[in-house]
């Protein structure tokens, strides 16, 4: 097959093709959507371990004596609270409070922060941060220097442990170490986008195919599965983790997206703070809430939501939950309606289908 | 992978029809189910519904997406494969056999001439 526009590809592209993955255009990237099947891959992550190529994700590095000042000015969480070797989730916001992107901030050193950003937003994020860099920190677009693999599931630790001398059990959730995996330099973070325990490793791109194969070998005894973006999406939805372009967009603020905890209003000025303070004062008008289908049908992104036969909101993400064996989704509703236990209707191909709002996350792993 | 039966007729939208007298069984092709992935939901018309060639007769949904099904020929629905309501995964397992969608009474059998043979369909999908 040929394509008019060249898709971007990760260092593992030929590996995915060799293994028979089904490839799709994901925001301009030629990525595997599934290998053996989304449900099988999803189940492998919940019960054993799955391996994902997430090298399309972007990396931006901020260095210099003013690094912390810049990070804290452009992102909404408080990077001053991070210790070296710690990670947090944060928002890059516009002045009006909407999301430029959602990001992970890693504190590598007092003068060095490592940001993991969404694939399709990476150039926009870099430009955004650079424009706001009045303190003259060093901002590097570093995506070409890293491949990223996610090893996720209850058997992620014993799988990865076979390939590294780093004591993985001692890395706490949302912490990381710089060490080696299979004798290659690696940033090993205990983070993920699945709702399971697991690791995300940042490695040199030319080492990615070798480490991919070694991880599949290491996880074989546990039933490891290579996983595509399809399972990544069903897993993150069950765990109610936001996806840019769906739950969060340029016109949605952290307060609306149930992410007030990443907007640290007590810290000094940051981009978007004034707008958020004003929104908090006036009161948020809409809010993200989860729902389960009661009638027959599957809610999908963009479907309208009605309450009492009147238009009330829209679905941001929806689909079947392989773990719960229910059809679930997230939607925006006016705050006065956004409480668990409310009867709503999702408009599926012109027909209202019954659903009920529920507490989230839909799935929480037992510790 | 299922074979493409010689006695079926196929559409470029990946449906098939098997005709016996004035009865026609309609389904989706093996290629369609492979492209869709795990099928989790099937929406079918009711008995008595009138189908028009090329118009939507229902939809199938995989974990990832929803996809419309088009009527390969016109007719009136006389039977719906109820088993698919509780076991839509049969569409992944036996798309050309057990997992037919609806049985119709053909009202315009001449339309069959516009459909693809098994060889032409396999050529079309590059199988």
So, relative contact order of chain A in percent, Cα under 8 Å, 6 or more apart, is 18
Label-point separation in nm, residue B:110 to residue A:134, each point 7 Å along Cα→Cβ: 7.7
How large are Rg and Dmax for the protein assembly as shown when calculated on the C-alpha trace, in angstrom? 25.0, 83
FRET efficiency for residue B:98 and residue A:356, using Cβ-Cβ distance with R0 set to 30 Å, rounded to 0.05: 0.30
Give, in whole angstrom and from largest to smallest, the semi-axes √(5λ) of the equivalent ellipsoid of segment A:285-358, with λ running over the eigenvalues of the Cα gyration tensor. 17, 13, 11
Checked chain B with the C-alpha gyration tensor, a ≥ b ≥ c its square-rooted eigenvalues, rounded below a/c of 1.5, otherwise prolate if a/b is larger than b/c and oblate if not; verdict oblate
Using alpha-carbon positions, what is the distance between the centroids of segment A:169-244 and segment A:46-120, in Å? 17
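Out of all DSSP beta bridges with both ends in the protein assembly as shown, state the antiparallel percent to the nearest 5.
Values: 108 of 113 bridges.
Bridges in the protein assembly as shown are about 95 percent antiparallel.
Ignore the peptide's own chain and count Cβ atoms of other chains within 10 Å of each Cβ in A:298-311; give me the average, rounded. Let's see the in-between values first.
Details: counts 9, 0, 4, 0, 0, 0, 0, 0, 0, 0, 0, 0, 0, 0.
Mean number of neighbouring Cβ atoms from other chains: 1.
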Under 1.5 on a/c is rounded, so check that first for segment A:33-76, then, if it is not, pick prolate when a/b is larger than b/c and oblate when it is not; a ≥ b ≥ c are the square roots of the alpha carbon gyration tensor eigenvalues. prolate
Output field shielding_mean for B:55-66 (other chain Cβ, 10 Å radius) holds 5
Taking chain A as a Gaussian network, Cα atoms linked when under 10 Å apart, which of A:232, A:172, A:282 shows the biggest mean-square fluctuation? A:282
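I need the Kirkwood Rh of segment A:309-350: take the reciprocal of the average 1/r across all distinct C-alpha pairs and report it in angstrom.
On the way: mean 1/r = 0.0859 Å⁻¹.
For segment A:309-350, inverting the mean 1/r across all distinct Cα pairs yields 11.6 Å.
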Expressed in angstrom, Rg and Dmax over the Cα atoms of segment A:192-310 are 19.8, 56
So for segment A:227-367, using the alpha carbon gyration tensor with a ≥ b ≥ c as root eigenvalues (a/c under 1.5 gives rounded; past that, a/b versus b/c decides prolate or oblate), I'd call it oblate
For chain A, modelled as a GNM with alpha-carbon contacts under 10 angstrom, which of A:47, A:220, A:148 fluctuates the most? A:220
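Which value in deg cm²/dmol, rounded to the nearest 500, describes the helix-derived mean residue ellipticity at 222 nm for chain A, given -39,500 (n - 2.57) per DSSP H run of n ≥ 4 and division by the residue count?
Numbers: 8 runs with 72 residues, N = 367.
It lands at -5500 deg cm²/dmol.
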For chain A, modelled as a Gaussian network with Cα springs under 10 Å, which listed residue fluctuates most, A:283, A:297, A:98? A:283
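How long are the semi-axes of the ellipsoid equivalent to segment A:58-144, from square roots of 5 times the Cα gyration tensor eigenvalues, in whole Å, largest first?
Values: eigenvalues 57, 37, 35 Å².
Each semi-axis is the square root of five times an eigenvalue, giving 17, 14, 13 Å.
All of the numbers you see were taken from the coordinates with simple rules; none came from a lab. No experiment lies behind these values; they were computed from the predicted model shown. A quick note on method: Cβ atoms are made from the backbone with ideal geometry, for glycine too, and the neighbour counts reach across all protein chains shown.
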